[in-house]
Amino acid sequence: MTCHTNPGYLLYPGHITFAASSGPPGKVKFKISLAGDFPSLSRRAEFNGGSGNFENAQWNHFLAQVAAFCAGKHS
């Protein structure tokens, strides 16, 4: 699944790709790929200073979406 970024997003234009594949029995492997341009030097500094927080936020959002989907709470 690939999501394209909107104006004002940390990376714009850009996209975030979430992928899943089979892992060991009973497990799923997830991969998140971020690509895009920084609209300004201050946004680049924001990313460099907190990229771990940014990645965690993306993962937590994706995980919440998957959990809602699996629970049948999607639209």
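A short reminder: the numbers here are calculations on the coordinates, not readings from a lab. Just so we're clear, the structure is a prediction, and the values are computed from it rather than from any experiment. FYI the Cβ positions are ideal-geometry reconstructions off the backbone, even for glycines, and counts take in every protein chain you see.
Relative to the compact-globule estimate of 2.2 N^0.38 Å, the Cα radius of gyration of region 2-70 comes out at 1.26. Under the combined filter of DSSP loop state and at most 16 neighbouring Cβ atoms within 10 Å, region 1-45 retains these trypsin sites (Lys or Arg not before Pro): Lys27.
Full extension of the segment from Cys3 to Ala64, taken as 0.36 nm per residue of separation minus the current Cα-Cα distance, would add 20.4 nm.
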